[in-house]
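The values are calculated or read from the model by the stated rules, or taken from the named source; none is laboratory data. Keep in mind it's a predicted model, so treat the numbers as computed, not measured. Quick reminder, even Gly has a Cβ in these numbers, built from the backbone with ideal geometry, and neighbours come from all protein chains shown.
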Amino acid sequence: MERGYINITENDKHDFIVNAKLINGTLWLSKYQMATLFNVYTKTIESLLRSVFKVGLLKEKEVSQLHPFTNNGHKSEMVLYNFEVVVLVGFRVASLEASAFRNWFITSFHECTKLKNMMKAGATTMSIDDLKTVFTVSLN
(Lines give C-alpha, C1' and ligand atoms only; values in the text may rest on other atoms or scores of the structure.)
Protein backbone atom coordinates (compact mmCIF):
# COMPACT_ATOMS: atom_id res chain seq x y z
CA MET A 1 0.00 0.00 0.00
CA GLU A 2 1.38 3.38 -1.01
CA ARG A 3 0.70 5.72 1.93
CA GLY A 4 1.85 9.13 0.70
CA TYR A 5 3.69 11.47 3.00
CA ILE A 6 3.73 14.88 4.60
CA ASN A 7 6.60 16.58 6.38
CA ILE A 8 7.29 19.98 7.87
CA THR A 9 10.83 21.29 7.89
CA GLU A 10 12.40 24.57 8.91
CA ASN A 11 14.91 26.20 6.58
CA ASP A 12 17.90 28.35 7.51
CA LYS A 13 15.70 31.47 7.35
CA HIS A 14 13.39 29.91 9.98
CA ASP A 15 10.57 29.47 7.46
CA PHE A 16 8.52 26.30 7.72
CA ILE A 17 8.22 24.30 4.52
CA VAL A 18 5.39 21.77 4.15
CA ASN A 19 5.78 19.04 1.55
CA ALA A 20 3.10 16.47 0.92
CA LYS A 21 2.29 13.71 -1.50
CA LEU A 22 -1.29 12.51 -1.42
CA ILE A 23 -2.23 9.25 -3.10
CA ASN A 24 -5.78 9.26 -4.49
CA GLY A 25 -6.52 12.38 -2.46
CA THR A 26 -5.31 11.08 0.90
CA LEU A 27 -2.33 9.87 2.89
CA TRP A 28 -2.01 7.54 5.86
CA LEU A 29 -0.12 8.26 9.09
CA SER A 30 0.20 6.54 12.43
CA LYS A 31 -0.36 8.45 15.67
CA TYR A 32 3.42 8.41 16.16
CA GLN A 33 3.97 10.00 12.76
CA MET A 34 1.36 12.68 13.54
CA ALA A 35 3.12 13.41 16.84
CA THR A 36 6.42 13.80 15.01
CA LEU A 37 4.82 15.91 12.27
CA PHE A 38 3.28 18.36 14.75
CA ASN A 39 6.14 18.14 17.29
CA VAL A 40 3.93 17.04 20.18
CA TYR A 41 3.81 14.02 22.46
CA THR A 42 2.11 10.87 21.22
CA LYS A 43 -0.19 11.09 24.27
CA THR A 44 -1.45 14.45 22.94
CA ILE A 45 -2.39 12.83 19.62
CA GLU A 46 -4.01 9.87 21.40
CA SER A 47 -6.10 12.22 23.54
CA LEU A 48 -7.22 14.23 20.51
CA LEU A 49 -8.11 11.08 18.59
CA ARG A 50 -10.19 9.74 21.50
CA SER A 51 -12.02 13.06 21.72
CA VAL A 52 -12.65 13.27 17.96
CA PHE A 53 -14.10 9.77 17.83
CA LYS A 54 -16.01 10.05 21.13
CA VAL A 55 -17.95 13.15 20.10
CA GLY A 56 -18.56 11.75 16.63
CA LEU A 57 -16.65 14.30 14.55
CA LEU A 58 -15.31 11.33 12.59
CA LYS A 59 -16.05 7.62 12.63
CA GLU A 60 -12.90 5.67 13.36
CA LYS A 61 -13.84 2.77 11.09
CA GLU A 62 -14.20 5.17 8.14
CA VAL A 63 -10.91 7.04 8.58
CA SER A 64 -8.50 4.38 9.85
CA GLN A 65 -7.16 1.05 8.79
CA LEU A 66 -4.91 -1.63 10.21
CA HIS A 67 -1.56 -1.87 8.47
CA PRO A 68 0.26 -5.19 8.93
CA PHE A 69 4.05 -5.12 9.11
CA THR A 70 6.95 -7.30 10.20
CA ASN A 71 9.40 -6.13 12.86
CA ASN A 72 12.45 -8.32 13.53
CA GLY A 73 10.59 -11.30 12.13
CA HIS A 74 7.49 -10.70 14.25
CA LYS A 75 4.21 -9.90 12.56
CA SER A 76 2.40 -6.91 13.95
CA GLU A 77 -0.16 -4.25 13.04
CA MET A 78 -0.44 -0.52 13.48
CA VAL A 79 -3.41 1.77 13.02
CA LEU A 80 -3.08 4.32 10.25
CA TYR A 81 -5.28 7.40 9.94
CA ASN A 82 -6.17 9.17 6.71
CA PHE A 83 -5.59 12.80 5.70
CA GLU A 84 -8.99 13.87 7.06
CA VAL A 85 -7.81 12.89 10.55
CA VAL A 86 -4.44 14.61 10.06
CA VAL A 87 -6.23 17.83 9.07
CA LEU A 88 -8.60 17.71 12.03
CA VAL A 89 -5.76 16.99 14.46
CA GLY A 90 -3.63 19.71 12.86
CA PHE A 91 -6.35 22.24 13.58
CA ARG A 92 -6.57 21.18 17.23
CA VAL A 93 -2.87 21.05 18.14
CA ALA A 94 -0.95 24.05 19.49
CA SER A 95 2.57 23.95 18.06
CA LEU A 96 4.59 25.96 15.57
CA GLU A 97 4.51 23.01 13.18
CA ALA A 98 0.73 22.70 13.48
CA SER A 99 0.39 26.42 12.78
CA ALA A 100 2.56 26.02 9.66
CA PHE A 101 0.39 23.07 8.63
CA ARG A 102 -2.81 25.10 9.06
CA ASN A 103 -1.39 27.96 7.00
CA TRP A 104 -0.22 25.52 4.33
CA PHE A 105 -3.60 23.78 4.23
CA ILE A 106 -5.58 27.01 3.92
CA THR A 107 -3.19 28.48 1.33
CA SER A 108 -3.18 25.23 -0.67
CA PHE A 109 -6.97 25.10 -0.60
CA HIS A 110 -7.15 28.70 -1.77
CA GLU A 111 -4.63 28.10 -4.58
CA CYS A 112 -6.39 24.93 -5.75
CA THR A 113 -9.69 26.81 -5.80
CA LYS A 114 -8.02 29.57 -7.81
CA LEU A 115 -6.66 26.98 -10.25
CA LYS A 116 -10.08 25.36 -10.59
CA ASN A 117 -11.67 28.75 -11.27
CA MET A 118 -9.01 29.56 -13.86
CA MET A 119 -9.71 26.29 -15.63
CA LYS A 120 -13.48 26.94 -15.53
CA ALA A 121 -12.90 30.39 -17.01
CA GLY A 122 -11.19 28.79 -19.98
CA ALA A 123 -7.54 29.31 -19.13
CA THR A 124 -5.67 27.01 -21.48
CA THR A 125 -2.16 27.74 -20.29
CA MET A 126 -0.54 28.28 -16.94
CA SER A 127 2.97 29.36 -16.13
CA ILE A 128 5.33 27.16 -14.18
CA ASP A 129 5.21 29.81 -11.43
CA ASP A 130 1.41 29.41 -11.21
CA LEU A 131 1.80 25.65 -10.77
CA LYS A 132 4.58 26.03 -8.21
CA THR A 133 2.36 28.35 -6.19
CA VAL A 134 -0.48 25.85 -6.25
CA PHE A 135 1.52 22.79 -5.26
CA THR A 136 4.40 24.09 -3.12
CA VAL A 137 3.67 26.56 -0.39
CA SER A 138 6.47 27.98 1.73
CA LEU A 139 5.39 29.78 4.88
CA ASN A 140 7.12 32.25 7.18
Q. Do the conditions hold for Gly4, that is, is it on the phi < 0 side of the Ramachandran plot and within 12 Å of the chain's Cα centre (by Cα)?
A. no
**Q.** Selection count, the range 65-99, where residues are polar (S, T, N, Q) and crowded, with 19+ Cβ neighbours inside 10 Å
**A.** 1
Q: Tell me, please, whether a residue that is over 17 Å from the mean Cα position of the chain (by Cα), at pLDDT below 90, of a type in the set (A, V, I, L, M, F, W, C) and surrounded by 12 or more Cβ atoms within 10 Å (Cβ to Cβ) can be found in the range 118-130.
A: yes
Q: Taking only the range 16-43 into account, find how many residues are crowded, with 17+ Cβ neighbours inside 10 Å, within 14 Å of Val85 (Cβ to Cβ) and not small (Gly, Ala, Ser).
A: 8
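So that you can scan it fast, the table gives a plain yes or no per residue for (1) out of contact with any strand residue (DSSP E or B) (no Cβ under 6 Å at 6 or more places or on another chain); (2) of a type in the set (Ser, Thr, Tyr):
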position	(1), (2)
Leu22	yes, no
Thr26	no, yes
Gln33	yes, no
Glu46	yes, no
Phe53	yes, no
Glu60	yes, no
Lys75	yes, no
Leu88	yes, no
Ser99	yes, yes
Q) Taking the stated definitions as given, is Ser95 polar (S, T, N, Q) and free of Cβ contacts under 8 Å to residues at least 40 places away in the same chain? A) no
Q: Answer with yes or no whether Lys31 is in contact with a Gly (Cβ under 7 Å, 6 or more places away or on another chain) and within 17 Å of Phe101 (Cβ to Cβ).
A: no
Q: Find all pairs meeting these conditions: Cβ atoms under 8 angstrom apart; at least six residues apart or on different chains; first residue within the range 29-58 and hydrophobic (A, V, I, L, M, F, W, C); second residue modelled with pLDDT under 95 and in a loop (DSSP other than H, G, I, E, B).
A: Leu29/Arg3
